[in-house]
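To keep things clear, I will list the structure first and then write my remarks on it.
The values are calculated or read from the model by the stated rules, or taken from the named source; none is laboratory data. No experiment lies behind these values; they were computed from the predicted model shown. A quick note on method: Cβ atoms are made from the backbone with ideal geometry, for glycine too, and the neighbour counts reach across all protein chains shown.
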Amino acid sequence: MNAQLALDVEQISFSYGQTEALKQASLQVSAGSFVALLGANGAGKTTLFSIVTGLYSPKQGSVLVNGHGLRTDTMSALASMGVVFQRSTVDMDLSVLQNLRYAADLQGIPRADAKLRIHAGIEQHGLSGLEKRKIGALSGGQRRRVELARALLHRPTLLLLDEPTVGLDLQSRSEFVSHVKSLCTDEGTGVLWATHLMDELDTDDDVYILDHGQVIEQGTVSELTQTHGVEDISAVFNKLVGSKVS
Ligand code: ATP
């Protein structure tokens, strides 16, 4: 066990019937680091997230979250992670504040503590002034920030985001990515960011490329572009996976 790892996935395999979705996939996220999981449609990203969040049990392999075994110490492992799913899961008819209060109640955070955390989260995620607005009346970027505030209420050491910027305009996307990256540096949160939008990555970001359920390449963006002698990470991806993904 490596205590510095927010997430340690070792040799995970998973099948849906005859379809092998993950084949001995391993992946690590250090505390305070931003790791991108790149893969085309059907590569296995969502399956990996489903396993890490405990929705599916792998037939082989292990998952440690902040040193806690997902299988052996499930409650501590789950309590150490926050998740932002691809599809919005906030209640459109409730206000920002109501959504956050509801989430805090579900997580069993005592009311007085929840009030402080919600207030801090609203400020930290640039939602001040929007507390009473219904989610349905927010922009896409603001909604994503509410989801982020909610995912971080219980102060997880690992944050998982499954294609969180799909549907956002360019400016909201880049603001959201920068905001999440600041959590890594300021709070020491380990982030696993699944995406197929490669312009979201910086040269020093860690990348895992998943293809047909296998991790086929791993390294920082600059290492991979250098190794493969190409200009950017999307050229690395196209070279290895052979499909055009923007
Ligand atoms: P996307 O970016 O399109 O969401 P992904 O990288 O998340 O793709 P997965 O959804 O994990 O990929 O799918 C991995 C493989 O498992 C694919 O071949 C997919 O068709 C298959 N698969 C996913 N869910 C199921 C399911 N419920 N039943 C059967 N096969 C499935």
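Is there a residue in the stretch 229-243 that is among the aliphatic types (A, V, I, L, M), buried (at least 22 other Cβ atoms within 10 Å of the Cβ), touching a helix residue (DSSP H, G or I) at 6+ places or on another chain (Cβ under 9 Å) and within 27 Å of Leu106 (Cα to Cα)?
Initially, the stretch 229-243 is screened for residues among the aliphatic types (A, V, I, L, M), giving 230, 233, 235-236, 240-241.
Then drop every residue that is not buried (at least 22 other Cβ atoms within 10 Å of the Cβ), which leaves 233, 236.
In the following step, the residues that additionally are touching a helix residue (DSSP H, G or I) at 6+ places or on another chain (Cβ under 9 Å) were identified as 233, 236.
Still in the list and also within 27 Å of Leu106 (Cα to Cα): none.
No, there is no match, as no residue in the stretch 229-243 is among the aliphatic types (A, V, I, L, M), buried (at least 22 other Cβ atoms within 10 Å of the Cβ), touching a helix residue (DSSP H, G or I) at 6+ places or on another chain (Cβ under 9 Å) and within 27 Å of Leu106 (Cα to Cα).
Looking at Ala43 and the list (1) in contact with a strand residue (DSSP E or B) (Cβ under 8 Å, 6 or more places away or on another chain); (2) within 18 Å of Val191 (Cα to Cα), which single condition is not satisfied?
Condition not satisfied by Ala43: (2).
To keep it simple, each residue is scored yes or no on (1) polar (S, T, N, Q); (2) closer than 25 Å to Ser174 by Cβ.
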site	(1), (2)
Thr89	yes, yes
Val96	no, yes
Asp113	no, no
Ala120	no, yes
Gln124	yes, yes
Gly136	no, yes
Gln142	yes, yes
His154	no, no
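Of all residues in the stretch 154-176, count the ones that are out of contact with any strand residue (DSSP E or B) (no Cβ under 8 Å at 6 or more places or on another chain) and either crowded, with 18+ Cβ neighbours inside 10 Å or in a helix (DSSP H, G or I) (or both). So that I can check it myself, show each step before the final result.
Here is the first cut: in the stretch 154-176, the ones out of contact with any strand residue (DSSP E or B) (no Cβ under 8 Å at 6 or more places or on another chain) are 155, 166-176.
With either crowded, with 18+ Cβ neighbours inside 10 Å or in a helix (DSSP H, G or I) (or both) added as a condition, the list becomes 168, 170-176.
Of the residues in that region, 8 qualify.
In the stretch 27-52, which residue that is more than 16 Å from the ligand (Cβ to nearest atom) and in a strand (DSSP E or B) is nearest to Leu197 (Cα to Cα)?
Keep residues of the stretch 27-52 that are more than 16 Å from the ligand (Cβ to nearest atom), which gives 28-34.
After this cut, where a residue has to be in a strand (DSSP E or B) as well, the list is 28-30, 34.
Details: Gln28: 21, Val29: 20, Ser30: 22, Phe34: 15 Å.
Once the filter is applied, the top-ranked residue is Phe34.
So, in the stretch 177-186, of the ones that are surrounded by fewer than 23 Cβ atoms within 10 Å (Cβ to Cβ) and in contact (Cβ under 8 Å) with a residue 12 or more places away in the chain, which residue ends up farthest from the ligand (Cβ to nearest atom)? Before the answer, list the steps.
Let us first name the residues in the stretch 177-186 that are surrounded by fewer than 23 Cβ atoms within 10 Å (Cβ to Cβ), namely 178-186.
Restricting the remaining residues to those that are in contact (Cβ under 8 Å) with a residue 12 or more places away in the chain gives 179-181, 183-185.
Numbers: His179: 23, Val180: 19, Lys181: 22, Leu183: 23, Cys184: 23, Thr185: 28 Å.
My answer is Thr185.
Only one residue in Ser76, Ser95, Ser62, Ser13 is over 19 Å from the mean Cα position of the chain (by Cα), small (Gly, Ala, Ser), surrounded by fewer than 21 Cβ atoms within 10 Å (Cβ to Cβ) and over 30 Å from Gly140 (Cα atoms). Which one?
The unique qualifying residue is Ser13.
Answer with yes or no whether Ser76 is away from the ligand (no atom under 16 Å from the Cβ), farther than 25 Å from Tyr16 by Cα and polar (S, T, N, Q).
yes
Yes or no: the stretch 89-97 includes at least one residue that is more than 22 Å from Gly188 (Cβ to Cβ), within 16 Å of the ligand (Cβ to nearest atom) and among the charged types (D, E, K, R).
no
Restricting to the stretch 185-230, what's the tally of residues that are hydroxyl-bearing (Ser, Thr, Tyr) and assigned to a helix (DSSP H, G or I)? Let's see the steps before the verdict.
Going through the stretch 185-230, the residues hydroxyl-bearing (Ser, Thr, Tyr) turn out to be 185, 189, 195, 203, 208, 220, 222, 225, 227.
Narrowing the set further to residues that are assigned to a helix (DSSP H, G or I) leaves 185, 222, 225, 227.
Here the count works out to 4.
Of the conditions (1) surrounded by 14 or more Cβ atoms within 10 Å (Cβ to Cβ); (2) in a loop (DSSP other than H, G, I, E, B), Leu55 clears all except one; give me its number.
Status for Leu55: all satisfied but (1).
Can you find even one residue in the stretch 213-224 that is more than 18 Å from Val9 (Cα to Cα), buried (at least 16 other Cβ atoms within 10 Å of the Cβ) and free of Cβ contacts under 8 Å to residues at least 12 places away in the same chain?
The answer is yes; a qualifying residue exists.
Can you name the condition, by its number, that Gln4 falls short on among (1) closer than 25 Å to Val166 by Cα; (2) at pLDDT below 95; (3) more than 8 Å from the ligand (Cβ to nearest atom); (4) not acidic (Asp, Glu)?
(1)
Return the pair list, or none, for Cβ contacts closer than 7 Å from residues in the stretch 48-67 that are over 10 Å from Asp8 (Cβ atoms) and touching a residue at least 12 places away in the same chain (Cβ under 8 Å) to residues that are away from the ligand (no atom under 12 Å from the Cβ) and charged (D, E, K, R), at least 6 apart or on different chains.
The qualifying pairs are Gly61/Glu10.
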